[in-house]
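Just below is one structure, and these are the notes that go with it.
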Amino acid sequence: MLIETCGLCKVYGVTVAVDHLTLAVGEGEVFGFLGPNGAGKTTTIKMLLGLATPTAGQARILGRLPGDPAVMGQIGFLPEQFRFPPWITAADFLDVHGRLYGLSAAERRRRSAQLLARVGLADRGRSKLGEFSKGMLQRIGLAQALLSRPRLVILDEPTSGLDPLGRREVRDLIHELRADGVTVFLNSHFLSEVEVTCDRIAIIKRGRVVRLGTLAELTRQRAEVEIVAAGMTPEIEAGLTQWGRIVQRLAPAEAATPPDAGHLILAVADEAVAPQVACYLVQAGARLHMLAPRRLSLEELFLRVMEEET
Amino acid sequence: MRSIWEIARLTFLEARMRKMLWAIVLLGIAFLILYAIGFHLIYTDLRGAMASNAARLLEPINFFVLAGLYAINFLVVMLAVLISVDTIAGEIASGAIQTIATKPLPRWHIIAGKWLGLALMLAVFTVTMCVALMFIVKLEADYTVRNPVQAIALIVLEGLIVLTLSILGGTRLSTLTNGVVVFMLYGLAFIAGWIEQIGGMMRSEAAVNIGILVSLLMPSEAMWKRAAYLLQPPFLRELGLDATPFGAASAPSEAMVVYAFLYTALVFLLAVREFSRRDL
Ligand SMILES: Nc1ncnc2c1ncn2[C@@H]1O[C@H](COP(=O)(O)OP(=O)(O)OP(=O)(O)O)[C@@H](O)[C@H]1O
Ligand SMILES: [Mg+2]
């Protein structure tokens, strides 16, 4: 395991930022770390990197204690909020960080040029960071995180401030990293992006993990079946509850279905029950116009999880 | 150890890129030119007036040398605070420290590197200015100051005391608070130096003790007092003509210098400890 935490806690005064967080991230995984504002994501990352000391619990990163210089050379990090020194040029900035990683002069030159091109700043190497826009700073920060060809990359909201093209580029970059076997720990609010890049996802809320698993695992548990049928009686509807809960009833007009048809959404534990539901409705005498299982998108799942009580 | 040097190098780069080096060099040169002109004019006048008694000339020359060195000493203290007050606090506030502290280096290397870089710049400035001033006096009046090496070393040490304190402050305080605290401490030591001095002349033991106590809390001004004492020709001291506003009638002892060394080392270690413990 590249990242392991056990009962990790961080308390700031009366605020519990991270509450007994236990996670493990394996080699080569792209791990998405989601949660609403103030859920404790950045605080967790800081504890993983040795920037903040846990109030309780332990963390291991590449098998060592956070901040151990022996492993920090294999880790790249893009912090969440930063104002890099405005007086330094982009090329010097990468050179300085390359030096801190202990790269040789030749290696630094090569990597700087490569990465500046990779993040679309090839012609801005001589510009000072003070002249950069927010998205350009984000890009140079990303380049900095990749300097040492790290085994583990920790990105705290890498796409905040990026234009749609930039977000696309970051997504491609993460795919490339995964193809190279690099582990990525990603913290993002763009759920559609997490959906397509992450192998596993943890959703945290008030410092606790409330969901953890692959996208398929998370969304399968919360599948829905959309039903349009005429001739539904209260008894038939009551019978549906053996598979799940009716979560929504749409007005017929809205659904553009036959005027006498009812339109409802049934939340089920597993989408595999759809044929049984269909069979039941037909046998019970309802006239089935449509029955469609669908998975929740990550965003819908996220919003549902946030509404839940914990 | 290499990373200490890399951090020190970064402080040079910053000073250069922010044009701070240029500002310091140009203003330093302006100071020296002004001093040379002033010294020349006054010395020419005095020599005419005191042609009959050349030995009497030593007193005003000594006064101007001490005044010049005192001004440099003050510049060194100001510079020590200004170059270091924001270096840690500012980078913590901006988050820029996070990308540095997550590199493969122990945290104390960051403090050590910054200290080294700033201390070198400060020391080079101090030595250059003092040597240039002594050279001007030598050329103009053929006057050789006494104990120049020890005196310059003491002024450098004074700068380092202030620098190290302000680095310690930066690990816990915001830039502004840190600046205020370090300047206040310096002011306190300055006043205490006077209380001690005047107390000594009036033979008030209580006043002397207060002065010493504050010097223990902040030994910066005591270094200047000792430097001034060493710089003066001994016969002036014996004649009791040496209590210039910038000089010292009595000097802090060598033990005080040893204390100041230990004090600086302790403050440095505290800075390392505080920085290593805190969340960034
Ligand atoms: N230095 C600090 N001092 C006091 N409280 C803090 C500190 N840092 C974070 N917190 C608190 O800890 C909680 C978690 O903050 P954190 O920055 O980890 O959230 P986050 O999940 O990264 O949120 P966002 O999505 O907005 O970035 C918040 O309630 C925040 O107020
Ligand atoms: Mg955050």
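At-a-glance table
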{"quantity": "Stretch gain in nm, segment A:ARG64-A:ALA24, where the contour uses 0.36 nm per residue and the Cα spacing is subtracted", "calculated": "13.0 nm"}
{"quantity": "Estimated inter-spin distance, B:TRP22 and B:SER174, nm [label 7 Å along Cα→Cβ]", "calculated": "3.2 nm"}
{"quantity": "For chain B: relative contact order, % (alpha-carbon pairs under 8 angstrom, 6 or more apart)", "calculated": "25 percent"}
{"quantity": "Globularity index of region A:258-310, i.e. its alpha-carbon radius of gyration over 2.2 N^0.38 Å", "calculated": "1.43"}
{"quantity": "Residues A:VAL14, B:VAL182, sorted so that the one with the fewest Cβ neighbours within 10 Å comes first", "calculated": "A:VAL14, B:VAL182"}
{"quantity": "Sites A:GLU217 and A:ARG149, calculated FRET efficiency, Cβ-Cβ separation with R0 22 Å, nearest 0.05", "calculated": "0.10"}
{"quantity": "Stretchable slack from A:GLU307 to A:TYR12, in nm (0.36 nm times residue separation minus alpha-carbon distance)", "calculated": "103.7 nm"}
{"quantity": "Other-chain or far-sequence residues with amide H under 5 Å of A:ILE3's (modelled H)", "calculated": "A:VAL25, A:LEU62"}
{"quantity": "Loop trypsin sites (Lys or Arg not before Pro), region A:63-105 (other Cβ atoms within 10 Å of the site Cβ: 15 or fewer; DSSP)", "calculated": "A:ARG83"}
{"quantity": "Sequence of A:ILE203, B:ILE210 once ranked by neighbouring C-beta atoms within 10 Å, starting from the fewest", "calculated": "B:ILE210, A:ILE203"}
{"quantity": "Whether region B:49-184 is rounded, prolate or oblate, judged on the alpha carbon gyration tensor where a/c under 1.5 counts as rounded", "calculated": "prolate"}
{"quantity": "Cα Rg over Rh - the protein assembly as shown, Kirkwood", "calculated": "1.20"}
{"quantity": "Proxy reagent accessibility, fewest Cβ within 10 Å first, across A:HIS97, A:HIS263", "calculated": "A:HIS263, A:HIS97"}
{"quantity": "Region A:231-243 - phi-based ³J(HN,Hα) in whole Hz, Karplus 6.51/-1.76/1.60, Gly and Pro as x", "calculated": "x, 7, 10, x, 5, 4, 4, 4, x, 5, 5, 5, 9"}
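Every read-out reported here was derived from the displayed coordinates using simple, explicitly stated rules and does not represent laboratory data. Just so it is clear, the structure is predicted and the values come from calculations on it, not from any experiment. Every residue, glycine among them, receives a Cβ derived from its backbone with ideal geometry; neighbour counts consider all protein chains shown.
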